[in-house]
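A.B. asks: Take a look at this one; I'll ask things after.
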Amino acid sequence: TILRSSSRENGQHPGPAEGEETYRNPTEVKMSQIVLPCHANHCGELSVGQLLKWMDSTACLSAERHASCSCITASVDDIHFEHTIGVGNVVNIIAKVNRAFTSSMEVGIMVTCEDLYTDRQWKVCHAFATFVAKRTEAGKVQLKQVFPHTQMEQMEYSLAAERRRMRLIHAEIITDLLSKCQEYQDAVPAERTRVESVELVLPPHANHQVSTFGGQIMAWMENVATIAASRLCNAHPTLRSIDMFHFRGPSHIGDRLVLKAIVNNAFKHSMEVGVCAEAYQGGEPLRHINSAFMTFEVLDSDRKPCTLPRIRPEPVDGKRRYKEAIARKKIRLDRKYIISSKHTEVPLSVPWDSSNQMYLSYNNVSALKLMDTRNNWILTSEKNKVRLYTLEENQMLSFKVEMHVSVGAGQTFHLLSDLRRRKEWDQHYESCEVINQADEDDTLYRVATPSVSKRGKGQDFILLASRRKPCDAGDPYLIALRSVTLPTHPPTEDYTRGEVLCAGFAIWEESSTVTKVTYYNKATPGVLPYISTDIAGLSSSFYSAFSACSHFLEANKDSTLMYSFRAMQYH
Ligand code: COA
Ligand code: ADP
């Protein structure tokens, strides 16, 4: 969550930590609105379009508070609406800047709803939008940095860099998951759902900078999408989620906005509606402003989703969109599973495939970043400045080992990110092979470890290693490790298949020659036997392993970087 809650908010958000009572994020902007009949659809529920307008303006004001200049909406990440909001309720929106990059900022937006009569509050949605400071005559604006103050802010700051990476490659990941266009009897021709509608951009639709409010465009898009969805089901559809979308170009007062929508595909209980917004002035050619994909459901009187009719796509573009909608649905499901909204719920071994690689990689790195931003580690043991810390939470035991080495951070990162070299210092690594070099930053390995007991079997692990260079000086280098399952590498008789939930290295540059290396591990039962005696203070094997690591790094501090690219030759 992005907010610190007030005492009246529901139990979903932790209250302010001790000593934080008076702190308020300087970029925080709040908006509260009573939902009136003029904001609602014919079912008496707040229209999502209206909500998007409020969210966009609150977020824009927060971005401008940080940037001290005009800002525009560049994109909005996926939004999943958990609840509808009725007339008479109060909507509370809080926005704050999580992180500034060069000219862009991530703004976190939390929407809650409040029932004035019962004093109840609940979460409606949580969104991330990117705002860009408008270019000046001098060129691109260089924003000042955000300095996170609380642990929660530190966490959002750290995750913002990871979300940005995902945002910028989003367009590339709609892989064509080829699937046949199945013919259904009684399918509704998609053509029947087509909507085209024009809007003239007037001053009330524009913001204080005379360009069209991004929220207004989203509201118009939601309107035509709802009509298209209603035409398929002849009922009132409920908008469940909006996929990440990007404002490709600006729009101004006087523009004619042409909004086009059609149902791209209908699944059993949900349908995807695609909407495209184009603008023109006078006889000028159309400018593509935005495209969005929205998922609708139809709820029965018990609020259970109804079965929807199937769709018969139009030839060519219709067929292509029909298939792409299937791919997007798969990606959406993968993402929902992998990027759990609760940060503590890291699922065990997730199946790896190329279509969910980006989300697994995101999840892998985010889990490590979360451990790295925790500030309640307890120092358990220390030997020659190598420190072992533990953290017990939600019945999980995590540990970290911290040390300093006299090797540059970049070199340390290169040396540690090739897991095949780990056996040079870690006796638990009996063997390690690359299974798949998914891309420059993601590698799948099989690691075998010797048995802890004399007669027992050794363990093996299928690990996804995701590495990241710092986005700027505010980040460490990271090497995140987690287990995945691979159909080509099932467990074998000779080894017990172990699982790593979350482990890896954070590497901070302290100076050009001194680096702080922190190793993290969320201990699963398979890992515990290796560390439990250390934690109990009965041994210090962590020390021998990490001083061996330090010797390994120092012995190789001047070696060329060529080896680190060797891994990339594997396919
Ligand atoms: N999601 C998030 N951020 C994005 C993005 C996306 N899909 N595409 C670009 N950006 C970010 C870039 O990362 C960059 O950030 P940085 O400066 O912090 O590194 C910033 O936008 C500017 O990128 P740049 O390459 O200089 O410009 P661009 O040619 O890619 O233009 C916009 C990006 C957003 C400025 C441009 O597409 C635009 O003007 N869109 C219309 C915005 C608008 O008018 N919105 C209101 C509704 S009409
Ligand atoms: P794509 O065709 O790759 O999906 P577009 O930006 O062309 O991307 O369109 C986005 C969505 O808008 C489409 O998926 C479709 O649902 C809808 N759309 C596009 N053009 C039309 C149109 N002429 N009529 C109705 N809907 C359209």
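A.B. asks: Hey, could you check the stretch 302-327 for residues that are of a type in the set (D, E) and over 19 Å from K268 (Cβ atoms) and say which is farthest from ligand 1 (Cβ to nearest atom)?
C.D. replies: Among those that are of a type in the set (D, E) and over 19 Å from K268 (Cβ atoms), it is E314.
A.B. asks: Identify all residues within the stretch 386-425 that are surrounded by fewer than 18 Cβ atoms within 10 Å (Cβ to Cβ) and assigned to a loop (DSSP other than H, G, I, E, B); write none if there are none.
C.D. replies: N394, Q395, S406
A.B. asks: What are the residues in the stretch 327-353 that are in a loop (DSSP other than H, G, I, E, B) and at pLDDT below 75, if any?
C.D. replies: Of the residues in the stretch 327-353, the ones in a loop (DSSP other than H, G, I, E, B) are 339-349, 352-353.
I339, S340, S341, K342, H343, T344, E345, V346, P347, L348, S349 - these are the residues of the stretch 327-353 that are in a loop (DSSP other than H, G, I, E, B) and at pLDDT below 75.
A.B. asks: So, one more: Would you please list the contacts, defined by Cβ atoms under 7 Å and residues six or more apart or on different chains, that run from a residue in the stretch 141-164 that is at pLDDT 90 or above and crowded, with 20+ Cβ neighbours inside 10 Å to a residue that is acidic (D, E) and in a helix (DSSP H, G or I)?
C.D. replies: Within 7 Å, no pair qualifies.
A.B. asks: Can you find a residue that is at negative phi, away from ligand 1 (no atom under 16 Å from the Cβ) and not aliphatic (A, V, I, L, M) anywhere in the stretch 202-222? Quick ask: steps written out before the conclusion?
C.D. replies: Within the stretch 202-222, the first condition is being at negative phi, and the residues that meet it are 202-209, 211-222.
Okay, now just the ones that are also away from ligand 1 (no atom under 16 Å from the Cβ), so none.
No, the conditions are met nowhere in the stretch 202-222.
A.B. asks: Follow-up. If I ask for residues that are over 11 Å from L481 (Cα atoms) and over 10 Å from the mean Cα position of the chain (by Cα), which ones from the stretch 359-369 would you list?
C.D. replies: K369
Residues checked against (1) surrounded by 24 or more Cβ atoms within 10 Å (Cβ to Cβ); (2) within 13 Å of ligand 1 (Cβ to nearest atom); (3) at pLDDT below 95:
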{"site": "S47", "(1), (2), (3)": "no, no, yes"}
{"site": "A63", "(1), (2), (3)": "yes, yes, no"}
{"site": "S70", "(1), (2), (3)": "no, yes, yes"}
{"site": "I79", "(1), (2), (3)": "yes, no, yes"}
{"site": "R99", "(1), (2), (3)": "yes, yes, no"}
{"site": "M105", "(1), (2), (3)": "yes, yes, no"}
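A.B. asks: Within the stretch 107-137, which residues are of a type in the set (D, E, K, R) and either away from ligand 1 (no atom under 16 Å from the Cβ) or within 17 Å of L168 (Cα to Cα) (or both)?
C.D. replies: E114, D115, D119, R120, K123
A.B. asks: Also, quick follow-up: Go through the stretch 272-283 and give me each residue that's surrounded by fewer than 21 Cβ atoms within 10 Å (Cβ to Cβ) and either farther than 17 Å from L259 by Cα or away from ligand 2 (no atom under 11 Å from the Cβ) (or both).
C.D. replies: Matches in the stretch 272-283: Y280, Q281, G282, G283.
A.B. asks: Checking the condition among the hydroxyl-bearing types (S, T, Y), surrounded by 17 or more Cβ atoms within 10 Å (Cβ to Cβ) and assigned to a loop (DSSP other than H, G, I, E, B), which residue from Y445, Y429 passes?
C.D. replies: From the options Y445, Y429, the qualifying one is Y429.
A.B. asks: In the stretch 56-72, how many residues are part of a helix (DSSP H, G or I) and touching a helix residue (DSSP H, G or I) at 6+ places or on another chain (Cβ under 7 Å)?
C.D. replies: 2
A.B. asks: Taking the stretch 214-246, which residues are farther than 26 Å from C43 by Cα and either away from ligand 2 (no atom under 12 Å from the Cβ) or polar (S, T, N, Q) (or both)? Don't jump to the end; show me each part of the working.
C.D. replies: Of all residues in the stretch 214-246, those farther than 26 Å from C43 by Cα come to 244-246.
Of everything in the stretch 214-246, just one residue is farther than 26 Å from C43 by Cα and either away from ligand 2 (no atom under 12 Å from the Cβ) or polar (S, T, N, Q) (or both), namely M244.
A.B. asks: On to the next question. Hey, could you check the stretch 247-257 for residues that are within 14 Å of ligand 2 (Cβ to nearest atom) and surrounded by fewer than 17 Cβ atoms within 10 Å (Cβ to Cβ) and say which is farthest from Y322 (Cα to Cα)?
C.D. replies: Looking at residues that are within 14 Å of ligand 2 (Cβ to nearest atom) and surrounded by fewer than 17 Cβ atoms within 10 Å (Cβ to Cβ), I get G249.
A.B. asks: Would you mind stating whether K123 is surrounded by fewer than 22 Cβ atoms within 10 Å (Cβ to Cβ), assigned to a strand (DSSP E or B) and more than 16 Å from ligand 2 (Cβ to nearest atom)?
C.D. replies: Answer is yes for this residue.
A.B. asks: What residue, among those in the stretch 288-306 that are part of a strand (DSSP E or B) and of a type in the set (A, V, I, L, M, F, W, C), is farthest from ligand 2 (Cβ to nearest atom)?
C.D. replies: L299
A.B. asks: Go through (1) within 21 Å of I217 (Cβ to Cβ); (2) more than 19 Å from the chain's Cα centre (by Cα); (3) assigned to a strand (DSSP E or B); (4) of a type in the set (S, T, Y) one by one and return the number of the condition S32 breaks.
C.D. replies: (1)
A.B. asks: Let me ask something additional. Being farther than 20 Å from Q50 by Cα and in contact with a helix residue (DSSP H, G or I) (Cβ under 9 Å, 6 or more places away or on another chain) is the filter; apply it to the stretch 197-234 and report the residue that is surrounded by the fewest Cβ atoms within 10 Å (Cβ to Cβ).
C.D. replies: R231
A.B. asks: Looking at L299, L333, L286, can you tell me which residue is surrounded by fewer than 14 Cβ atoms within 10 Å (Cβ to Cβ) and more than 16 Å from ligand 1 (Cβ to nearest atom)? Spell out the reasoning first.
C.D. replies: Working: L299 fails: surrounded by fewer than 14 Cβ atoms within 10 Å (Cβ to Cβ); L286 fails: more than 16 Å from ligand 1 (Cβ to nearest atom).
One residue alone meets the criteria, L333.
A.B. asks: Can you tell me which of (1) within 16 Å of ligand 1 (Cβ to nearest atom); (2) more than 30 Å from the chain's Cα centre (by Cα) is the one A277 doesn't meet?
C.D. replies: Only one criterion is unmet by A277, namely (2).
A.B. asks: Starting from the stretch 196-219, take each residue that is under 15 Å from G254 (Cβ atoms) and acidic (D, E) and list its partners that are within 16 Å of ligand 2 (Cβ to nearest atom) and not in a helix (DSSP H, G or I), counting only C-beta distances under 6 angstrom and pairs at least six apart or across chains.
C.D. replies: Pairs that qualify, where the first residue is under 15 Å from G254 (Cβ atoms) and acidic (D, E) and the partner is within 16 Å of ligand 2 (Cβ to nearest atom) and not in a helix (DSSP H, G or I), are E199/L257.
A.B. asks: Oh, and also: Criterion first (outside any helix (DSSP H, G or I), within 25 Å of G49 (Cα to Cα), in contact (Cβ under 8 Å) with a residue 24 or more places away in the chain and of a type in the set (A, V, I, L, M)) does V132 satisfy it?
C.D. replies: yes
A.B. asks: Moving to a separate point now. Got a number for residues in the stretch 368-385 being in contact with a Phe, Trp or Tyr (Cβ under 8 Å, 6 or more places away or on another chain), part of a loop (DSSP other than H, G, I, E, B) and closer than 16 Å to N521 by Cα?
C.D. replies: 1
A.B. asks: Please go through the stretch 413-429 and give me each residue that is hydroxyl-bearing (S, T, Y) and closer than 13 Å to G504 by Cα, ordered by number.
C.D. replies: S417 - this is the single residue of the stretch 413-429 that is hydroxyl-bearing (S, T, Y) and closer than 13 Å to G504 by Cα.
A.B. asks: Any residue in the stretch 456-478 that is surrounded by fewer than 20 Cβ atoms within 10 Å (Cβ to Cβ), among the polar types (S, T, N, Q) and farther than 19 Å from L370 by Cβ? Please lay out each step first, then the result.
C.D. replies: As a first pass, look at the stretch 456-478 and keep what is surrounded by fewer than 20 Cβ atoms within 10 Å (Cβ to Cβ): 456-458, 469-475.
Pick out the ones that are also among the polar types (S, T, N, Q) and you get none.
No: zero hits.
A.B. asks: If you don't mind, there's one more thing I want to ask. Please identify the pairs in which a residue from the stretch 41-53 that is hydroxyl-bearing (S, T, Y) has its Cβ atom under 9 Å from the Cβ atom of a residue that is part of a loop (DSSP other than H, G, I, E, B), counting only partners at least 6 apart or on another chain.
C.D. replies: S47/N41
A.B. asks: In this structure, does N436 turn out to be part of a loop (DSSP other than H, G, I, E, B) and not hydroxyl-bearing (S, T, Y)?
C.D. replies: no
The values are calculated or read from the model by the stated rules, or taken from the named source; none is laboratory data. Everything quoted here is computed from the prediction, not taken from an experiment. For neighbour counting, all protein chains shown are included, and Cβ atoms are generated from backbone atoms with ideal geometry for every residue, glycine included.
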